[in-house]
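Report on the structure given below.
The values are calculated or read from the model by the stated rules, or taken from the named source; none is laboratory data. All values reported here derive from a predicted model rather than from experimental measurement. Every residue, glycine among them, receives a Cβ derived from its backbone with ideal geometry; neighbour counts consider all protein chains shown. To get the accessible areas, we keep the full protein, side chains included, count just its heavy atoms, and leave off ligands, DNA and RNA. Shrake-Rupley method; radii C 1.70, N 1.55, O 1.52, S 1.80 Å.
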Amino acid sequence: MTTVVIGTHLVRPVYQAKAFVLVKKSDSLTSLLSSLGLQAGGGATSTSSSSSSGNTYYTDIALAKTRPLLEELIISLNLKRTDEKPLKPEALVKGYLLKTTIRPQPFVEVDQYEDTDMLELVAYSINPVEATNMANKLAELYIKDRVQMTGGEYKSVREFLGNQVSKVKKEYLKSLVDLKDFRIKEKTVSLDLDIQNIANKFSNMQAEQLKNLKGRLNELQISISKKGIDFTKEHPEYKQLEKDLEITEKLIQNEAKPILNREQALRDPLYDEFSKELQKVSEKSFQYSKLDLILSVNKDMYKSLLQYMTQVEVAESITLSNIRVVEHATNPDKPYFPRKPLNYAIGFSLAIFWGLAIGLFIEYIDTTIKLPEDIKIKSFAILGMIPFSRELKNNSLISMIDPLSPVVEAFRTVRIGIGQISTDKHVKTLLISSSIEGEGKSCLAANMALNFCMENKRVILVDLNLRRPALHRIFGIPNNKGITNVLAEGMSLEKAIISSNIKGFDLLLSGPVAPDSSRLIESLKTKNLIHKLKEMYDMVIIDTPPLMIVSDAIIIGQSVDGIIHIIEYGRTTNEMVEHAYGLMTRSGLNIIGGILNKFRVHGYHYYSYYYYK
């Protein structure tokens with residue numbers, strides 16, 4: 001919050017000026033050029049000009065920020081950086097408000113204004129007049145550039161159409177000449193007229209043939225009449241005349257029929273001649289149709305191109321530029337940045353937000369255990385919570401601090417919890433384990449042993465952490481004899497046990513560190529030693545190495561009545577507990593429960609809550 005207030009007063013004010021340019025494009029021109037397979041200029045070339053579609057003019061925005069345009073803007077307004085060095089075109093469009101705030105220099109932004117056909121040209125500067133001039137000059141240069149580009153595009157279209165018109169015109173004239181030459185060569189004006197002439201010729205030939213047959217019939221009838229005077233009907237000449245007469249009558253009847261059957265037609269010499277004439281006409285008709293089709297296509301193309309040419313010329317004259325300034329920039333009367341009231345409100349809100357966010361984030365990523373409810377394994381019982389105590393940290397043993405201390409009461413609660421759980425199972429040997437080093441396992445084991453002495457029991461504390469023993473340091477005695485002497489050198493157990501000035505409390509240290517401690521732990525002697533101690537004492541408390549480092553605790557755990565697992569507040573994670581719990585359950589060990597050690601008591605009500613619970 002303080003940083004925001006100081007920063008708001010130290011930064012130089014930045015002024016903002018805006019100019020708006022309309023870039024709407026003619027829909028008729030777009031349709032015309034699209035029909036030619038061309039792209040229109042002078043507007044949003046990458047999107048439709050319709051603002052209702054919500055399109056943005058990416059191409060127009062990019063064109064307004066081209067290097068030549070920006071260089072001309074810098075030169076015309078003599079734009080410079082704060083240190084009076086020349087301003088580069090890249091810096092003019094790649095600036096942003098935070099950068100300008102730290103190192104003030106002019107810069108511009110170009111974007112589509114909301115969902116309209118307008119571009120918003122925004123200029124920033126520490127000088128309000130300079131910001132206004134930048135916005136207006138950029139709008140002027142942009143419109144000039146787009147007009148030139150639009151004219152160039154129209155010129156390209158005209159040149160394209162002109163070339164196409166010349167080419168198609170040549171083809172059209174050539175097809176006219178080809179059709180004319182065909183008509184002259186084939187001596188025909190119309191194929192339909194040629195076909196009609198052939199049909200008339202065939203009809204005339206049929207009529208002439210019928211006329212000749214009728215004349216022949218009259219001649220035969222006259223001859224029969226004459227022969228009937230000189231000869232009888234039985235005379236051969238008379239019979240021949242009658243036969244010729246009959247044949248001629250049949251021919252006349254056949255010629256008079258309107259439709260001939262196929263066999264008669266094929267036998268008719270007139271039909272054969274008519275077919276040959278029609279075949280010639282059909283071949284001419286194919287060639288004529290081909291030439292006429294080419295002529296028709298070229299004619300239509302020529303007419304269309306002339307029409308397009310006219311339309312482009314008209315469109316160029318009335319829509320050469322559909323781009324204009326809608327609103328010029330005016331001098332701003334107050335800074336755009338910083339906005340002091342807004343900055344104060346944002347700073348206050350961000351302080352609250354980030355405070356909560358960081359706190360929640362730390363809580364989210366923190367998987368360590370702080371309360372019994374944090375343990376995900378529901379079957380894992382918490383026997384008690386040992387609060388963090390500077391008295392216990394300095395003195396290590398509860399026998400040396402106030403008996404009314406909450407720490408002493410916490411150990412008493414643990415002892416009662418163990419007694420309640422082990423009512424059905426007579427627990428005399430307890431193994432104290434932890435997941436990793438430094439969780440207070442050894443100190444807790446020593447104090448649990450002292451606490452059990454308060455019940456007038458004979459208790460022995462055994463240090464089976466043969467790798468890194470710690471109990472001798474807690475009690476302040478040398479570790480010159482102990483378990484390793486008993487297991488490796490044959491020292492008697494009674495000689496290795498150390499008596500204390502506390503009633504009922506004895507101590508069996510690890511002894512000198514052996515090079516083969518793993519073999520000693522796995523030996524039958526260790527198991528027999530634990531059984532012997534169980535017979536000698538009412539309660540045997542055994543301190544072992546952490547579960548996740550070596551397997552000593554798992555091996556020793558198979559020879560004891562139960563295991564208590566130590567969990568350090570704010571350090572041990574659920575993953576560690578789950579891993580250790582899995583190792584113990586897979587090995588068939590009897591897990592009595594856990595103890596939350598070094599619990600941070602924020603007021604005694606936390607501890608009281610757990611105690612009375």
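Among the residues of segment 229-252, how many are part of a loop (DSSP other than H, G, I, E, B) and either in contact (Cβ under 8 Å) with a residue 60 or more places away in the chain or surrounded by 12 or more Cβ atoms within 10 Å (Cβ to Cβ) (or both)?
The qualifying residues number 2.
For Leu295, all conditions in the list (1) hydrophobic (A, V, I, L, M, F, W, C); (2) modelled with pLDDT of 80 or more; (3) surrounded by fewer than 15 Cβ atoms within 10 Å (Cβ to Cβ) hold save one; what is the number of the exception?
Every condition holds for Leu295 apart from (3).
Considering only segment 532-553, how many residues are over 18 Å from Arg467 (Cβ atoms) and out of contact with any Ser or Thr (no Cβ under 7 Å at 6 or more places or on another chain)?
8
May I ask you to list the residues in segment 201-228 that are of a type in the set (A, V, I, L, M) and either modelled with pLDDT under 70 or open to solvent by less than 60 Å² (accessible area, probe 1.4 Å) (or both)?
Met205, Ala207, Leu210, Leu213, Leu217, Leu220, Ile224
How many residues are in a loop (DSSP other than H, G, I, E, B) and of a type outside the set (S, T, N, Q) when one looks only at segment 422-447?
Number of matching residues: 10.
List the pairs whose first member sits in segment 359-382 and is among the hydroxyl-bearing types (Ser, Thr, Tyr), whose second member is in a helix (DSSP H, G or I), and whose Cβ atoms are under 6 Å apart, counting only residues at least 6 apart or on separate chains?
Final answer for the pair search is Thr367/Asn574.
Name the one entry in Lys457, Lys428 that is open to solvent by 60 Å² or more (accessible area, probe 1.4 Å) and either within 20 Å of Leu547 (Cα to Cα) or in contact (Cβ under 8 Å) with a residue 12 or more places away in the chain (or both).
Only one candidate passes the filter, namely Lys457.
Applying the selection to segment 127-148, what residues are in contact with a helix residue (DSSP H, G or I) (Cβ under 8 Å, 6 or more places away or on another chain) and either aliphatic (A, V, I, L, M) or surrounded by fewer than 16 Cβ atoms within 10 Å (Cβ to Cβ) (or both)? It would help to see each step written out before you state the result.
Residues of segment 127-148 in contact with a helix residue (DSSP H, G or I) (Cβ under 8 Å, 6 or more places away or on another chain): 130, 133-134, 137-138, 141-142, 145-146.
Within segment 127-148, Met134, Leu138, Leu141 qualify.
Which numbered condition trips up Lys137, out of (1) of a type outside the set (A, V, I, L, M, F, W, C); (2) within 39 Å of the chain's Cα centre (by Cα); (3) part of a helix (DSSP H, G or I)?
(2)
Scan segment 95-108 and tell me whether some residue there is open to solvent by 40 Å² or more (accessible area, probe 1.4 Å) and modelled with pLDDT of 90 or more. Full working, then the answer.
Keep residues of segment 95-108 that are open to solvent by 40 Å² or more (accessible area, probe 1.4 Å), which gives 96-99, 102-103.
Within this subset, residues satisfying the condition of being modelled with pLDDT of 90 or more are none.
The answer is no, given that none of the residues of segment 95-108 is open to solvent by 40 Å² or more (accessible area, probe 1.4 Å) and modelled with pLDDT of 90 or more.
Does Val462 satisfy the condition of being open to solvent by 10 Å² or more (accessible area, probe 1.4 Å) and in contact with a helix residue (DSSP H, G or I) (Cβ under 8 Å, 6 or more places away or on another chain)?
no
Results for (1) crowded, with 20+ Cβ neighbours inside 10 Å; (2) modelled with pLDDT of 85 or more; (3) of a type in the set (Ser, Thr, Tyr), shown as yes or no for each residue.
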{"residue": "Thr59", "(1), (2), (3)": "no, yes, yes"}
{"residue": "Pro89", "(1), (2), (3)": "no, yes, no"}
{"residue": "Asp111", "(1), (2), (3)": "no, yes, no"}
{"residue": "Glu114", "(1), (2), (3)": "no, yes, no"}
{"residue": "Asp117", "(1), (2), (3)": "yes, yes, no"}
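Limited to segment 489-509, what total is found for residues that are touching a residue at least 24 places away in the same chain (Cβ under 8 Å), in a helix (DSSP H, G or I) and not aliphatic (A, V, I, L, M)?
Final tally of qualifying residues: 0.
Find the residue count for segment 304-351, including only residues that are open to solvent by less than 90 Å² (accessible area, probe 1.4 Å), part of a loop (DSSP other than H, G, I, E, B) and at pLDDT 85 or above.
3
Each row is one residue, and each column tells you yes or no for (1) at pLDDT below 85; (2) in a loop (DSSP other than H, G, I, E, B); (3) open to solvent by 20 Å² or more (accessible area, probe 1.4 Å).
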residue: Ile377; (1), (2), (3): no, yes, yes
residue: Phe380; (1), (2), (3): no, yes, no
residue: Leu383; (1), (2), (3): no, no, no
residue: Val407; (1), (2), (3): no, no, no
residue: Gln420; (1), (2), (3): yes, no, yes
residue: Ala449; (1), (2), (3): no, no, no
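Starting from segment 145-174, take each residue that is free of Cβ contacts under 8 Å to residues at least 24 places away in the same chain and within 19 Å of Leu306 (Cα to Cα) and list its partners that are hydrophobic (A, V, I, L, M, F, W, C) and open to solvent by 90 Å² or more (accessible area, probe 1.4 Å), counting only C-beta distances under 9 angstrom and pairs at least six apart or across chains.
Between residues of segment 145-174 that are free of Cβ contacts under 8 Å to residues at least 24 places away in the same chain and within 19 Å of Leu306 (Cα to Cα) and residues that are hydrophobic (A, V, I, L, M, F, W, C) and open to solvent by 90 Å² or more (accessible area, probe 1.4 Å), there is no close pair.
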